Amino acid sequence: MRSVIPDYLAEVLRDVESNTSGQLADYIPELAAADPKRLGAAFATVDGEIYGAGDIDTEFTIQSISKPFMYALALADRSFAPVLAKVGVEPSGEAFNQISLESDTGRPFNPMINAGAITAHSLAGSEGMNPTERVERVVHGLSAFAGRELRIDEAVCVSEMEHAHRNLAIAYMLRGYGILTEDPRAIVEGYIRQCSVLVTARDLAMMAATLANRGVNPLSGERVVGEPVVRQVLSVMSTCGMYDAAGDWATQVGIPAKSGVAGGLIGALPGQIGIATFSPRLDAHGNSVRGVSLFERFSSDMGLHVMEVPAAARAIVRSNHVLGDGPHAVRVLQLQGGIGFAGAERVVREILNTAPAEVRVVLDLTMIYSINDVARRMLLEAVRRLTLDGHEVYLVDPESIVPDPDPGDGGRVTVVGVLEQAVISQHKVAQHRSRPTKRGT
Ligand code: GLU
């Protein structure tokens, strides 16, 4: 059997191919020479599988798609406080090259517009790095996100630098406000080198998948940045990533995204996939026309909008029943799925509503595939309270989904591998009780 995904991608590409509206970016002359017919789309899963159709191995310059990654590197290299002091997180609702700085401090509104991105570039690498070392750090960092060594397109770089009057003006203003502390020209040069890094749609999908995978590159396994950095970057992508079209994008597509004027577009869907498209003609906002159409299709065809409400937590309690009778009766709550706060709340409420009369209460986690920290703490607290109410509590947890099953402070729990071990005779229960928090087999 052939995978269904490349065929789906090819079909969607065919649907948008005839749309030839939009213009090549021409304020960077070298970009005006791009082949407008290019079209490609790639998906990279968080476990490293890549699916693609069309021109996914054609190189083009990353341009503004470097901005979220640069922001990530600045946050990782300098920590949050110094970066937030110099670059805000408020959507500006303006074009990418607007000279929009906070009126009193001169702080750029966010790192996705050029003013914020130029500042973020100046904060990449350790303090005291010279511009050349900083560019090396940047190219190395972008390469780690992509999982392969990337290089700079010198021709695009020279072409952009010759016409960089606006970015230079922005940088000189930032220098005037003390947001930049070095030679503005050298920083703009570095920023433009960053924008001139060559990537393919395949690379971009993997870079986005690294964000979707909590900062770990799915192929190399390298942790590129930490989870708090990823959360910050994805949040800013979702509010500011599409310039003055950010609101339309948030409602229509709903995937944290970033576009670039060479025609690339990425989206990172947390925990699921990284998506990249490539088509060089741009709309009035500077976003790829066919890229936007592709993302609209992906989002609606596959339910990828981040605000799409997941299956209700009520399905967490698969069954609530009693096994046996008399003094040997055992109350069993069989749980299923992934548990977060809402799921744990549902389990706690189920226990309260049931008010089990049975001494033994079993929480069967065999069909739970994930549990987050708050849910783990809530379940263990419920276990502790059940113990204090005189119950003997068992967790059926064959895959150690609850890593440290210690309810603390007067709570006791016996962990077993299969349900039968929790409903065995009183005699055997007594043996288990002697090892209250140890795992059975
Ligand atoms: N290097 C471009 C600039 O600063 C990036 C713009 C973009 O891709 O939106 O003008």
Within the bounds of the range 253-265, is there any residue that is within 16 Å of the ligand (Cβ to nearest atom), without any contact (Cβ under 8 Å) to a residue 60 or more places away in the chain and part of a strand (DSSP E or B)?
-> yes
Are there any pairs, at least 6 apart or on different chains, whose C-beta atoms fall under 8 Å, with the first in the range 370-390 and in a helix (DSSP H, G or I) and the second aromatic (Phe, Trp, Tyr), and if so, which?
-> Val374/Phe341; Ala375/Phe341; Met378/Phe341
Checking Gly88 against (1) closer than 15 Å to Gly116 by Cα; (2) assigned to a strand (DSSP E or B), which test does it fail?
-> (2)
In the range 147-167, what residues are under 13 Å from Ile187 (Cα atoms) and either part of a loop (DSSP other than H, G, I, E, B) or more than 11 Å from the ligand (Cβ to nearest atom) (or both)?
-> Ala164
The range 388-414, subset surrounded by fewer than 17 Cβ atoms within 10 Å (Cβ to Cβ) and of a type in the set (Asp, Glu), residue nearest to Gln336 (Cα to Cα) | Glu399
For Asp104, indicate whether it is within 16 Å of the ligand (Cβ to nearest atom), free of Cβ contacts under 8 Å to residues at least 60 places away in the same chain, surrounded by fewer than 19 Cβ atoms within 10 Å (Cβ to Cβ) and more than 21 Å from the chain's Cα centre (by Cα).
-> no
Quick one: which residue in Ala115, Ala42 is within 16 Å of the ligand (Cβ to nearest atom) and either within 19 Å of the chain's Cα centre (by Cα) or closer than 19 Å to Leu180 by Cα (or both)?
-> Ala115
Please work out if Ile99 is within 16 Å of the ligand (Cβ to nearest atom), within 12 Å of Met173 (Cα to Cα) and either modelled with pLDDT under 95 or not in a helix (DSSP H, G or I) (or both).
-> yes
Any residue in the range 236-249 that is more than 14 Å from the ligand (Cβ to nearest atom), buried (at least 21 other Cβ atoms within 10 Å of the Cβ) and within 22 Å of Tyr191 (Cα to Cα)?
-> yes
Go through the range 207-235 and give me each residue that's surrounded by 22 or more Cβ atoms within 10 Å (Cβ to Cβ) and over 12 Å from the mean Cα position of the chain (by Cα).
-> Val224
Flagged in the range 118-142 as assigned to a loop (DSSP other than H, G, I, E, B) and more than 16 Å from the ligand (Cβ to nearest atom), in numbering order, are Leu123, Gly125, Ser126, Glu127, Gly128, Met129, Asn130
Any idea how many residues of the range 170-191 are over 14 Å from Leu123 (Cα atoms) and surrounded by fewer than 24 Cβ atoms within 10 Å (Cβ to Cβ)?
-> 6
Which one of these is away from the ligand (no atom under 16 Å from the Cβ), in contact with an Asp or Glu (Cβ under 9 Å, 6 or more places away or on another chain) and not in a loop (DSSP other than H, G, I, E, B): Arg349, Arg297?
-> Arg297
Counting only residues in the range 304-338 that are among the β-branched types (Val, Ile, Thr) and within 30 Å of Trp249 (Cα to Cα), the one surrounded by the most Cβ atoms within 10 Å (Cβ to Cβ) is identified as Val306
If you scan the range 45-75, which residues turn out to be more than 16 Å from the ligand (Cβ to nearest atom) and either among the small types (Gly, Ala, Ser) or crowded, with 24+ Cβ neighbours inside 10 Å (or both)?
-> Gly48, Gly52, Ala53, Gly54, Ala72, Leu73, Ala74, Leu75
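The values are calculated or read from the model by the stated rules, or taken from the named source; none is laboratory data. Predicted, not measured: the structure shown is a model, and the values here were computed from it. Here Cβ is always computed from backbone atoms with ideal geometry, including for glycine, and neighbour counts include all displayed protein chains.
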